[in-house]
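The values are calculated or read from the model by the stated rules, or taken from the named source; none is laboratory data. Since the structure is predicted, the reported quantities are computational estimates derived from the model, not experimental observations. Positions of Cβ are backbone-derived with ideal geometry, glycine not excepted, and every protein chain shown enters the neighbour counts. Accessible surface is based on the protein model in full, side chains and every heavy atom, while ligands, DNA and RNA are left aside. Shrake-Rupley method; radii C 1.70, N 1.55, O 1.52, S 1.80 Å.
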Amino acid sequence: MNNLLFTDALKLKRPAAFHIMLKPAGPACNLNCTYCYYLEKKNLFPGKSEFRMSDDLLENFTKQYIEAHEAPLVTFTWQGGEPTLMGLEFFKKATEYQKKFAGEKQIENAFQTNGTKLNDDWCKFFTDNNILVGISIDGEEHNHNHYRQTSTGGSTFSRVMKGIELLHKHKVEFNTLSTVNDYNVHYASETFRFLKKIGSGFMQFLPVVERIRKDRQENSLTLVAPVHGEADVTQWSVGATEFGRFLITIFDEWVRNDVARYYVQIFDTALANYVGSNPGLCVFADTCGDAMVMEHNGDLYSCDHFVYPEYLLGNISKTPMAELVKSQNQFDFGINKRNKLPRYCLKCAVQYACHGECPKHRFILTPDGKPGLNYLCEGYKMFFKHVEPYMEYMAKELNNKRPPANVMNWLKNKENQHLKPDLPGRNDPCPCGSGKKFKNCCASKPMNY
């Protein structure tokens with residue numbers, strides 16, 4: 001039985017605004033990254049060797065997607081696999097269909113690529129259509145090449161860097177997505193400084209956490225659905241405390257030098273949760289379910305990380321997209337993110353910032369033996385507790401209509417005085433002596449620093 005809150009009722013009644021990640025080439029890719037969780041999705045289509053969205057489906061999706069949105073902005077997100085395998089003409093048709101069905105709505109496109117197949121034609125297309133490009137790159141050459149290799153085991157770093165040079169040449173706006181695995185987790189500062197050097201103004205750090213089982217029949221290794229059960233964490237997965245230290249290392253450099261100059265997704269979402277705003281990222285939201293994924297054949301799944309048969313909502317060629325998006329199965333999937341949190345998490349001091357993170361990672365036991373604890377729990381505890389004083393200050397500045405970047409001068413003054421930033425945490429007793437928690441007392445009042 002699901003527990004329904006007033007906010008859930010509002011979610012059901014609000015105008016339809018959701019997000020579907022498109023996989024036009026399905027799991028097909030020109031690389032063979034060790035940690036990739038999507039290459040194996042070809043097993044969902046036995047006997048099929050080519051994965052390619054048809055023009056008819058592309059037009060059908062575009063029409064339904066725009067019509068189903070009651071919001072004025074509609075964002076198309078292209079991912080893979082590797083979407084450039086579809087060829088440039090496919091995406092030219094995509095933009096034509098968008099113009100055909102846009103009506104009064106504004107259309108935006110985001111394109112995630114490994115960057116190895118970019119050329120002048122691709123970059124000119126991105127510029128002409130104002131498309132935001134995401135580049136997958138894991139840091140300096142030794143970090144990137146460690147797991148991101150070709151199908152024959154060759155390196156890919158130089159090809160990605162060439163793609164980035166072309167993006168700069170054509171003035172294409174791009175951001176970076178870097179996985180954090182068991183290898184590059186030990187090179188936090190190096191990775192952060194490298195990404196700044198190549199011109200990444202917005203950075204995403206995605207922890208690699210995958211579990212694997214041995215298939216008894218085929219004697220092969222297979223990734224398992226993200227539910228509690230018996231499976232081994234892969235050797236390339238990042239450790240929880242190592243991930244926490246990775247984030248803290250980058251944060252300590254960012255908060256002293258780079259606030260409002262470079263944007264790191266998890267820092268932005270942490271601040272949003274701190275001031276009670278929408279974090280803008282499903283993994284740190286209270287509930288989820290608004291970010292689905294569609295395969296090359298029209299199959300719609302609950303989430304990019306839940307592309308397994310049990311999370312198939314249906315096919316948009318057989319059932320209207322709007323009906324699938326608003327289905328009971330998808331609604332339950334979304335609120336279960338909150339409703340299935342263990343009691344141990346509900347009592348946690350940083351639950352307001354973490355919200356249990358992604359259900360995909362909730363496969364370990366709590367200290368009292370209950371299932372559903374996030375594998376990365378200890379790392380997130382480290383990180384969110386560490387950033388509390390800084391988030392308190394930046395939240396204070398926002399509440400007083402001042403830029404959060406003032407935190408850099410605040411820190412400099414503190415450190416020049418050989419003092420530590422000693423703002424109390426949200427759940428600590430308020431220093432004014434009221435007996436209330438800081439978050440319920442002076443945290444909401446103007447203070448002088």
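When the residues of segment 27-58 are narrowed to those that are farther than 21 Å from HIS305 by Cα and open to solvent by 50 Å² or more (accessible area, probe 1.4 Å), which ends up modelled with the lowest pLDDT?
Residues of segment 27-58 farther than 21 Å from HIS305 by Cα: 47-50, 54-58.
Adding the requirement that they be open to solvent by 50 Å² or more (accessible area, probe 1.4 Å) leaves 47-50, 54-56.
Values: GLY47: 86, LYS48: 86, SER49: 83, GLU50: 90, SER54: 97, ASP55: 98, ASP56: 98.
Of everything passing the filter in segment 27-58, SER49 is modelled with the lowest pLDDT.
Give the residues of segment 122-150 that are surrounded by 20 or more Cβ atoms within 10 Å (Cβ to Cβ) and either modelled with pLDDT under 95 or of a type in the set (Asp, Glu) (or both), sorted by residue number.
Within segment 122-150, just ASP138 meets the criteria.
How many of the residues in segment 64-121 are open to solvent by less than 70 Å² (accessible area, probe 1.4 Å), in contact (Cβ under 8 Å) with a residue 24 or more places away in the chain, out of contact with any strand residue (DSSP E or B) (no Cβ under 8 Å at 6 or more places or on another chain) and under 24 Å from VAL307 (Cβ atoms)?
Residues flagged as open to solvent by less than 70 Å² (accessible area, probe 1.4 Å), in contact (Cβ under 8 Å) with a residue 24 or more places away in the chain, out of contact with any strand residue (DSSP E or B) (no Cβ under 8 Å at 6 or more places or on another chain) and under 24 Å from VAL307 (Cβ atoms) within segment 64-121 amount to 7.
So, in segment 364-407, how many residues would count as being of a type in the set (Val, Ile, Thr) and within 13 Å of PHE267 (Cα to Cα)?
Here the count works out to 1.
Checking MET1 against (1) open to solvent by 10 Å² or more (accessible area, probe 1.4 Å); (2) at pLDDT 90 or above, only one condition comes out false. Which one?
The failed condition is (2).
Could you run through segment 93-115 and say how many residues are under 26 Å from LEU31 (Cα atoms) and within 27 Å of the chain's Cα centre (by Cα)? Lay out the reasoning, then the answer.
First pass over segment 93-115, keeping only residues under 26 Å from LEU31 (Cα atoms): 93-94, 109-115.
Subsequent filtering for residues that are within 27 Å of the chain's Cα centre (by Cα) retains 94, 109-115.
Within segment 93-115, residues that are under 26 Å from LEU31 (Cα atoms) and within 27 Å of the chain's Cα centre (by Cα) number 8.
Table: residues versus (1) of a type in the set (A, V, I, L, M); (2) in a loop (DSSP other than H, G, I, E, B); (3) within 21 Å of the chain's Cα centre (by Cα).
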residue	(1), (2), (3)
SER317	no, yes, no
ARG338	no, no, yes
LYS360	no, no, yes
GLY372	no, no, yes
TYR375	no, yes, yes
MET382	yes, no, yes
GLU397	no, no, no
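Taking the options PRO342, PRO367, PRO320, name whichever one is touching a Ser or Thr at 6+ places or on another chain (Cβ under 6 Å), more than 30 Å from LEU411 (Cβ to Cβ) and modelled with pLDDT of 95 or more. Before the answer, list the steps.
Working: PRO367 fails: touching a Ser or Thr at 6+ places or on another chain (Cβ under 6 Å); PRO320 fails: touching a Ser or Thr at 6+ places or on another chain (Cβ under 6 Å).
Exactly one of PRO342, PRO367, PRO320 is touching a Ser or Thr at 6+ places or on another chain (Cβ under 6 Å), more than 30 Å from LEU411 (Cβ to Cβ) and modelled with pLDDT of 95 or more, namely PRO342.
Pick from ASP286, ASP258, ASP268: which is more than 30 Å from PHE45 (Cα to Cα) and in contact with a Lys or Arg (Cβ under 6 Å, 6 or more places away or on another chain)?
From the options ASP286, ASP258, ASP268, the qualifying one is ASP286.
Any residue that is surrounded by fewer than 22 Cβ atoms within 10 Å (Cβ to Cβ), in a loop (DSSP other than H, G, I, E, B) and in contact (Cβ under 8 Å) with a residue 12 or more places away in the chain - is there at least one of those in segment 328-336?
For segment 328-336, residues surrounded by fewer than 22 Cβ atoms within 10 Å (Cβ to Cβ), in a loop (DSSP other than H, G, I, E, B) and in contact (Cβ under 8 Å) with a residue 12 or more places away in the chain: absent.
Which count do you get for residues in segment 32-47 that are more than 30 Å from VAL74 (Cβ to Cβ) and not hydroxyl-bearing (Ser, Thr, Tyr)?
Residues flagged as more than 30 Å from VAL74 (Cβ to Cβ) and not hydroxyl-bearing (Ser, Thr, Tyr) within segment 32-47 amount to 6.
Condition first: assigned to a helix (DSSP H, G or I), touching a residue at least 60 places away in the same chain (Cβ under 8 Å) and surrounded by 20 or more Cβ atoms within 10 Å (Cβ to Cβ). Now tell me which residues in segment 340-358 satisfy that.
Passing the criteria: ALA353, CYS354.
Condition first: touching a strand residue (DSSP E or B) at 6+ places or on another chain (Cβ under 9 Å) and either among the charged types (D, E, K, R) or open to solvent by 10 Å² or more (accessible area, probe 1.4 Å) (or both). Now tell me which residues in segment 375-398 satisfy that.
Within segment 375-398, TYR375, CYS377 qualify.
Please enumerate the residues belonging to segment 233-246 that are assigned to a helix (DSSP H, G or I) and in contact with a strand residue (DSSP E or B) (Cβ under 7 Å, 6 or more places away or on another chain).
Step one: filter segment 233-246 for residues assigned to a helix (DSSP H, G or I), giving 240-246.
Those that are assigned to a helix (DSSP H, G or I) and in contact with a strand residue (DSSP E or B) (Cβ under 7 Å, 6 or more places away or on another chain): PHE243, PHE246.
Mind counting the residues in segment 262-306 that are without any contact (Cβ under 8 Å) to a residue 40 or more places away in the chain, open to solvent by 40 Å² or more (accessible area, probe 1.4 Å) and over 14 Å from the mean Cα position of the chain (by Cα)?
3
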